[in-house]
Amino acid sequence: MISEFCAKTNFGDENPLGRHIILKGSSKDPKPRDMEIVGIVANARYGGLKDRARPVIYIAYNQGWPQPEEMVFELRTAGDPLAYVNTVREIVHRADGRVPVTGVMSQVGEINKTINQEIIFAELCSGFAILALLIAGVGLYGTVSYNVARRTSEIGIRMALGAPRGLVVRMILKQVLVLAAVGLAIGVPVAFGSSRVVASFLYGMKPNDPIALTAAVAILVAAALLAGYAPARRASRIDPMVALRHE
């Protein structure tokens, strides 16, 4: 059996079924083998998950090559796969007690082990991103609060002339959205420009994924509105008479 990539690489658009290939011998069996192709299977990655698929040839274990100690069984289960370990060992030992069952691991665990560095890097980036978002929110809250304190007299005059509280809240939040828009206008192009660097840390995901970018923009806008809402609400509750006497 050969992979689709192997068939494409060696035979192009021709049908490889029934054709023969010569395999070099191994250290334990140096004699070359003349093998007939009987089937084609889908491409699979061996090694790193981010490596490109390479030509692969599959040989039955009962043909004596590769060696039986390299044999791997894969089982599809319902629920937690590790809950079936003892059952699998019992079945294997019932068939042949000399065959050990070692290195048991779920597919998720195997993938996580392979991309362990990427997972740690992603968790660190997520932690720093949350911390940066909190710091930016606190800073924005302080800036808006200071701006509201400076405009106390102006806000009092507006409310004395009949401006409703909702209008005052919208006025303050509008300024917050302008600040957020300026930040996004700078950040989004930088994110697109650094996509090539980010792509080297990703697997199975595009660096400029529209869903991820949209979610990031939505989170930033929501954080900005949340940081500016408390000062805006406090501004809308200013007593006009107190505000007019404010220096």
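Coordinate-derived values only; no laboratory data. Just so it is clear, the model here is predicted, and its values are computed rather than measured. Cβ sites come from the backbone with ideal geometry, for glycine too, and all protein chains shown count toward neighbours.
Structural remarks
- At full extension, Val56 and Leu17 could sit 12.5 nm farther apart than now, given 0.36 nm per residue minus the alpha carbon distance.
- Length added when fully stretched, Arg94-Arg76, from 0.36 nm per residue minus Cα-Cα: 4.5 nm
- In the chain, a dipole from Cβ-located charges (positive for Lys and Arg, negative for Asp and Glu) runs towards its positive end, and of Gly109, Gly142, Ile57 it is Gly142 whose Cα lies farthest in that direction.
- Only one residue of Ser195, Ile155, Ala185 has its Cα farthest out toward the positive end of the dipole of the chain, where Lys and Arg carry +1 and Asp and Glu -1 on Cβ, and that residue is Ile155.
- Cα gyration tensor, the chain - rounded (a/c under 1.5), prolate or oblate: prolate
- Anisotropy class of segment 109-183 from Cα gyration tensor, a/c 1.5 cut: prolate
- Kyte-Doolittle mean at least 0.0, axial Cα span of 27 Å or more - DSSP H helices of the chain: 116-150, 165-193, 210-236
- Full-stretch length increase - Val138, Glu36 - with 0.36 nm per residue and alpha-carbon distance subtracted: 29.8 nm
- Dipole magnitude of segment 43-179 about its Cα centre (Cβ charges: Lys, Arg +1; Asp, Glu -1), debye to nearest 20: 1020
- Charge dipole of the chain about the Cα centre (unit charges at C-beta), most positive-ward option of Val41, Gly97, Pro207: Pro207
- Volume in Å³ per residue [convex hull over Cα atoms, computed for segment 58-164]: 210
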